[in-house]
Amino acid sequence: MSFSTFGQNRHLTIGIKNNGICFGNSKKNNGIRLNVSDKETDTINGINLSVFSKATMANGFNLGLITNENKYVNGLLLNVITGESKKLNGVVISGLGYVGEEINGLGIGGFAMTGYKLNGIFLSPIVIGWYNRDKIKIINGFAIGGFGVISNKINGLSISIVQNDVDTLNGVSIALTNRASILSGFQFGLWNVAENNKILKATPIMNVNLRRKKPSR
């Protein structure tokens with residue numbers, strides 16, 4: 001058993017050094033860690049349960065009762081309200097929304113799921129990618145948004161009830177209305193706009209363009 005009162009990292013650990021069950025704001029821990037608010041937390045391996053979760057590296061299962069702002073995440077991350085990370089590999093489920101510079105895996109947001117680069121499967125009842133258009137550079141994979149999917153670029157399948165708004169679409173887009181500045185694939189909906197089509201820029205039911213954009217010299 002170890003006990004620390006140094007600086008922000010006051011904690012009680014039942015185990016050996018940083019291995020075992022930790023109560024409090026330990027800087028590192030391998031095992032199970034219970035805390036209220038993470039401060040100056042370095043690496044957590046195992047299970048971390050916090051009200052305000054914020055670590056440089058979190059590997060394993062991480063629950064933030066209010067927020068989850070771990071910088072790098074590998075594993076399963078849950079947050080009741082909001083969360084944010086620089087890079088996440090695994091699964092993230094957020095009650096309200098989640099922002100990640102890069103998310104690889106499965107992302108589910110109660111309101112919004114957004115990031116700079118999304119690779120995998122992403123679902124949100126209301127919207128995907130509407131937090132800040134400048135941050136949504138690319139979605140690779142499968143995106144479902146209740147009212148809209150918005151991205152600078154999508155490689156894959158995009159489905160929403162109301163609108164898909166994409167600058168460059170390589171794949172398939174399904175919604176009531178679909179818009180793409182550059183389309184290489186198919187759009188299915190009541191109204192479909194492919195701005196790079198020379199003749200049929202706007203069509204009902206379906207629009208298609210299978211010509212690849214030539215690289216600029």
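In order along the range 89-96, the Karplus-derived 3J(HN,Hα) couplings, from 6.51 cos²θ - 1.76 cosθ + 1.60 at θ = phi - 60°, round to 10, x, 10, 10, 10, 10, x, 10 Hz, and Gly and Pro are given as x. Candidate cross-link partners of residue 201 among the aspartates and glutamates, defined by an alpha-carbon separation under 17 Å and a same-chain spacing of 8 or more, comprise 165, 167. Rounded to 0.05, the FRET efficiency of the residue 188 and residue 66 pair, given R0 = 45 Å and the Cβ-Cβ distance, is 0.65.
Dividing the Cα radius of gyration of the range 81-209 by its Kirkwood radius returns 0.99 for Rg/Rh.
Converting the Cα gyration tensor eigenvalues of the range 133-201 into ellipsoid dimensions via √(5λ) gives semi-axes, longest first, of 16, 14, 10 Å. The H on the amide N of residue 10, modeled in the peptide plane, is under 5 Å from the matching H of 25, each at least 5 residues off or on a different chain. Counted over the chain, the DSSP beta bridges are approximately 15% antiparallel. Given the choices (i) 30, 23, 16; (ii) 64, 20, 15; (iii) 44, 15, 11, semi-axes √(5λ) of the Cα gyration tensor in Å derived from the coordinates of this structure is entry (iii).
In this structure, the pairs whose alpha-carbon distance is over 23 Å, taken from 39/137; 54/153; 87/153; 28/137, are 39/137; 54/153; 28/137. When +1 charges are put on Lys and Arg Cβ atoms and -1 charges on Asp and Glu Cβ atoms, the dipole computed for the chain relative to its Cα centre reaches about 700 debye. How about residue 71: which aspartates and glutamates have a C-alpha closer than 17 Å to its C-alpha, ignoring those fewer than 8 places off in the same chain? Partners within reach: 38, 40, 42, 84, 101, 102. Per-peptide packing, taken as the mean over residues of other Cβ atoms within 10 Å, places 74-80, 192-198 in the sequence 74-80, 192-198 from highest down. Think of the range 81-209 as a dipole: +1 on every Lys or Arg Cβ, -1 on every Asp or Glu Cβ, centred on the Cα centre; then among 103, 197, 148, 197 lies furthest on the positive end.
Distant-in-sequence amide contacts of residue 19, defined by a placed amide H-H separation under 5 Å and a gap of 5 or more residues or a different chain, comprise 30.
All of the numbers you see were taken from the coordinates with simple rules; none came from a lab. All values derive from a computational prediction rather than experimental measurement. Positions of Cβ are backbone-derived with ideal geometry, glycine not excepted, and every protein chain shown enters the neighbour counts.
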